[in-house]
Amino acid sequence: SRPVNLGSPLNTPSDEGVDTFSVDEKTIYMTAYDRPGGIGKNDIWVSTIGEDGKWEEPKNLGPPINTKHNDANASLSSDGKQLFFCSDRPGGLGGYDIWVSTLGDDGKWGEPKNLSFTVNTPDWEGNVFIRPDGMTLYLSSNGRGGYGGADIFKSERDGESWGIAENLGEDINTTDNDTYFTLPASGDLAYFNSSKLGGKGKNDIYT
């Protein structure tokens, strides 16, 4: 159907982007740029939908998720206990890296951990997505070679660590930028963003 603007309080005169939903679709995590009340230029915010069907005023996730640096593009695990996101905060391998925070028994997010060299590089990693089964992580990177620009990679969980990110290949990736890979729970259809030639504009959604 034709897209409808969700309006206030999710949208403002600044930039907002949907990152991830809880499984019941009653909680939305979003990235907002330079939003009043933020900590850094890009922060991750959360909003829940009320019984009246309206989204409540988004709340900044605060430390330790958000910092004075850029924190964005969250992906929530299906059990709601892990939040994967991108950040250029100190302590990473360089540029934007993928980080993960675990929800404690006290209902607070723990100190984020860098996913290390098997996922991150000294260049840019972003647009992370955790598959509903919690065993596969998808991300975009321009630091692992490939077909050109940013390519889409996947990393498989191995216990508490993650395997070396693998390129999804030329059926998905092009010589342009390929990003924002997502899968529904059924796993039978992929959506992603690409700036390749032949689209309607600069960046288009493909399936």
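Remarks
- Some residue of region 118-136 being exposed (fewer than 15 other Cβ atoms within 10 Å of the Cβ) and more than 20 Å from Thr182 (Cβ to Cβ): yes
- Some residue of region 157-165 being over 18 Å from Ala72 (Cα atoms), modelled with pLDDT of 95 or more and either surrounded by fewer than 15 Cβ atoms within 10 Å (Cβ to Cβ) or of a type in the set (Ser, Thr, Tyr) (or both): yes
- Residue list for region 166-184, filter: open to solvent by 90 Å² or more (accessible area, probe 1.4 Å) and under 24 Å from Phe85 (Cα atoms): Glu166, Tyr180
- As a summary of the residue check, Gly149 satisfies the conditions (1) open to solvent by 50 Å² or more (accessible area, probe 1.4 Å); (2) out of contact with any Gly (no Cβ under 8 Å at 6 or more places or on another chain); (3) of a type outside the set (Ser, Thr, Tyr); (4) farther than 19 Å from Ala74 by Cα except for the one numbered (1).
- The sole residue among Ala32, Ala74 that is within 20 Å of Gly126 (Cα to Cα), in contact (Cβ under 8 Å) with a residue 40 or more places away in the chain and among the hydrophobic types (A, V, I, L, M, F, W, C) is Ala74.
- Of all positions in region 102-111, at least one carries a residue that is surrounded by 13 or more Cβ atoms within 10 Å (Cβ to Cβ), in contact with a Gly (Cβ under 8 Å, 6 or more places away or on another chain) and not aliphatic (A, V, I, L, M).
- Check on Thr102, among the hydroxyl-bearing types (Ser, Thr, Tyr), more than 14 Å from the chain's Cα centre (by Cα) and in a strand (DSSP E or B): yes
- Residues in region 143-160 that are closer than 19 Å to Tyr206 by Cα and touching a Phe, Trp or Tyr at 6+ places or on another chain (Cβ under 8 Å): Ala150, Ile152, Phe153, Lys154.
- With respect to being under 16 Å from Phe85 (Cα atoms), without any contact (Cβ under 8 Å) to a residue 40 or more places away in the chain and among the aromatic types (Phe, Trp, Tyr), Phe129 falls outside the description.
- Exactly one residue out of Asn127, Asn114 is under 21 Å from Asn42 (Cα atoms) and in contact with an Asp or Glu (Cβ under 7 Å, 6 or more places away or on another chain): that is Asn114.
- Subset of region 37-59 [without any contact (Cβ under 8 Å) to a residue 24 or more places away in the chain and either in contact with a Leu (Cβ under 6 Å, 6 or more places away or on another chain) or closer than 18 Å to Ser14 by Cα (or both)]: Gly37, Trp45, Val46, Lys59
The values are calculated or read from the model by the stated rules, or taken from the named source; none is laboratory data. Owing to the predicted nature of the structure, the values given are computational and were not obtained by experimental measurement. All Cβ positions, even for glycine, are placed from backbone atoms using ideal geometry, and neighbour counts span all protein chains on display. Ligands, DNA and RNA are stripped out before the accessible areas are found, and what is left, the full protein with its side chains, is counted by its heavy atoms. Shrake-Rupley method; radii C 1.70, N 1.55, O 1.52, S 1.80 Å.
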